[in-house]
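Have a look at the structure below before the remarks.
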Amino acid sequence: MADPALHPETRSVQTRTLKQIAVDYTPEVCTHCPHSDSITITFDHRGGARWRSATRFCYGTFGAKIRCPEGNTSGLNFNIYLSSLEGDKSQDEIDFEFLGKDKSIVQTNFYASGTGNREAIHDLGFDCSDGFHEYVIRWYPDVIEWLIDGKLIRREPKKEGLGFPEKPMFLYASVWDASYINEGRWTGPYVGCDAPYVCHYKDVIVPLDTAE
């Protein structure tokens, strides 16, 4: 029998719809409708927000259909990602990050024990605000895969001697002003001429089993 550890496509990818979230800050700009399986984050003069799953997970398939904010979003970062604990400098993390200065690209990255610098930029072939597109992270003990609309865009196997995410992680998403990072070169300067900016998430999926 083939070893599923060597063939990720044979592993269980059973998921469930995320029905319960926690909002870490500015809950008044985040809405969640469990009946329609939809979440929105609005960025305006109050700032943005960050939501997360109520529990952590160890490995599996995570994702959502996302329609990013319309208009001139320069300076903003909108995303979906896994993290063992946001704000912990020793975190494990796996990212999809949209950089507001260019809505035709997405950045992927991952961290192990706080060490990142594994960024990659991917051309989407579309404007991420033009409609809903599906973004999926498959995280296993020996490989990470990122998919967009069912197409594999990046695969990172675990490598001997290099860190790899293994801590239980929450699923997070946020919209925030990142224009201060690298003097605006990462996401661009914040303009704000088309505020409020709304990021839509729907059909958010997480693994069946939690780590808690």
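The values are calculated or read from the model by the stated rules, or taken from the named source; none is laboratory data. Everything numeric here is computed off the predicted structure, so don't read it as measured data. Neighbour counts are summed over all protein chains in view; Cβ atoms, including those assigned to glycine, are modelled from backbone coordinates with ideal geometry.
Filtered by the rule that a residue be of a type in the set (Val, Ile, Thr) and farther than 23 Å from ALA211 by Cα, the stretch 15-72 gives THR26, VAL29, THR31, ILE39, THR40, ILE41, THR42, ILE66.
For LYS89, indicate whether it is within 18 Å of PHE43 (Cβ to Cβ), over 17 Å from the mean Cα position of the chain (by Cα) and among the basic types (Lys, Arg). Answer is no for this residue. Of the strands (runs of 3 or more DSSP E) that lie entirely inside the stretch 50-100, those containing 1 or more residues that are charged (D, E, K, R) span 60-67, 93-99. A count restricted to the stretch 64-74 and to residues that are crowded, with 24+ Cβ neighbours inside 10 Å and more than 21 Å from ALA22 (Cα to Cα) stands at 2.
Scanning the stretch 71-118 for residues that are among the aliphatic types (A, V, I, L, M) and in contact (Cβ under 8 Å) with a residue 40 or more places away in the chain gives LEU76, ILE80, LEU82, LEU85, ILE94, LEU99, VAL106, ALA112. Across the stretch 33-49, the number of residues qualifying as in a strand (DSSP E or B) and surrounded by fewer than 21 Cβ atoms within 10 Å (Cβ to Cβ) comes to 6. So which residues in the stretch 59-88 are over 22 Å from PRO189 (Cβ atoms) and either acidic (Asp, Glu) or modelled with pLDDT under 95 (or both), if there are any at all? Passing the criteria: LEU85, GLU86, GLY87, ASP88. Just one of (1) exposed (fewer than 12 other Cβ atoms within 10 Å of the Cβ); (2) closer than 16 Å to ILE80 by Cα fails for HIS122. It is (1).
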